[in-house]
Amino acid sequence: MSEKAASVIDQQLKELEAIATRTMQDLNTVSGAERIAQWKVRTVSLLQQLAGKNEADELARKNPGPAFTNDLIEEFTDQVDCYRSYLAALAKRLRSAAPPQA
């Protein structure tokens, strides 16, 4: 189960990267933020099913915090980095907890 959850997290990280790339290309951070919000709802649901309620709740509570630069691109990338770092660490933790494959 841990390996499957880690694989799903990897897929969600790829989706997050695709959203970030698209947003950086079109420089539409409002649309990017909307796509991130939709992605986050799906990801929280998947985590709840595969990794557990605690991990899903942790992602749901993640918020990059206030930015003081008034730079929408920086605020967007902070949001992406916040979710990326949490999910990458979670996938690593799940893989290390998984029993070795025979």
### Query
Do we find a residue being more than 25 Å from Thr29 (Cα to Cα) and of a type in the set (Ser, Thr, Tyr) anywhere in the range 67-74?
no
### Task
Any residue in the range 2-21 that's under 12 Å from Tyr83 (Cα atoms) and without any contact (Cβ under 8 Å) to a residue 24 or more places away in the chain: show its pairings with residues that are open to solvent by less than 60 Å² (accessible area, probe 1.4 Å) and not basic (Lys, Arg) at Cβ separation under 7 Å, as long as the two are six or more apart or on different chains.
none
### Message
What's the total number of residues in the range 54-78 that are more than 15 Å from Ala6 (Cα to Cα) and in contact with a helix residue (DSSP H, G or I) (Cβ under 6 Å, 6 or more places away or on another chain)?
### Response
6
### Query
Are any residues in the range 1-42 in contact with a Phe, Trp or Tyr (Cβ under 8 Å, 6 or more places away or on another chain) and among the polar types (S, T, N, Q), and if so, which ones?
Gln12, Thr23, Thr29
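Take the conditions outside any loop (DSSP other than H, G, I, E, B) and at pLDDT below 95 and apply them to Thr21. Does it pass?
Values: outside any loop (DSSP other than H, G, I, E, B): yes; at pLDDT below 95: no.
The answer is no for Thr21.
Given the criteria at pLDDT 95 or above and surrounded by 15 or more Cβ atoms within 10 Å (Cβ to Cβ), does Arg84 qualify?
When the stated conditions are applied, Arg84 passes them.
Within the range 54-74, is there a residue that is in contact (Cβ under 8 Å) with a residue 40 or more places away in the chain, part of a helix (DSSP H, G or I) and open to solvent by 70 Å² or more (accessible area, probe 1.4 Å)? Spell out the reasoning first.
If we filter the range 54-74 for residues that are in contact (Cβ under 8 Å) with a residue 40 or more places away in the chain, which is where we start, we get 72-73.
Still in the list and also part of a helix (DSSP H, G or I): 72-73.
Still in the list and also open to solvent by 70 Å² or more (accessible area, probe 1.4 Å): 72.
Looking through the range 54-74, at least one residue is in contact (Cβ under 8 Å) with a residue 40 or more places away in the chain, part of a helix (DSSP H, G or I) and open to solvent by 70 Å² or more (accessible area, probe 1.4 Å).
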### Query
Can you find a residue in the range 2-23 that is of a type outside the set (D, E, K, R), surrounded by 12 or more Cβ atoms within 10 Å (Cβ to Cβ) and touching a Pro at 6+ places or on another chain (Cβ under 9 Å)?
yes
### Summary
Exactly one of Ala51, Ala33 is surrounded by 15 or more Cβ atoms within 10 Å (Cβ to Cβ), in contact with a helix residue (DSSP H, G or I) (Cβ under 8 Å, 6 or more places away or on another chain), within 25 Å of Arg95 (Cα to Cα) and at pLDDT below 95, and that residue is Ala51
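The values are calculated or read from the model by the stated rules, or taken from the named source; none is laboratory data. Since this is a predicted model, take the numbers as computed values, not measurements. Ideal geometry is used to build each Cβ from the backbone, glycine not excepted, and the neighbour counts take in all protein chains shown. Just so you know, the surface numbers come from the protein's heavy atoms only, side chains and all, with ligands and any DNA or RNA stripped out. Shrake-Rupley method; radii C 1.70, N 1.55, O 1.52, S 1.80 Å.
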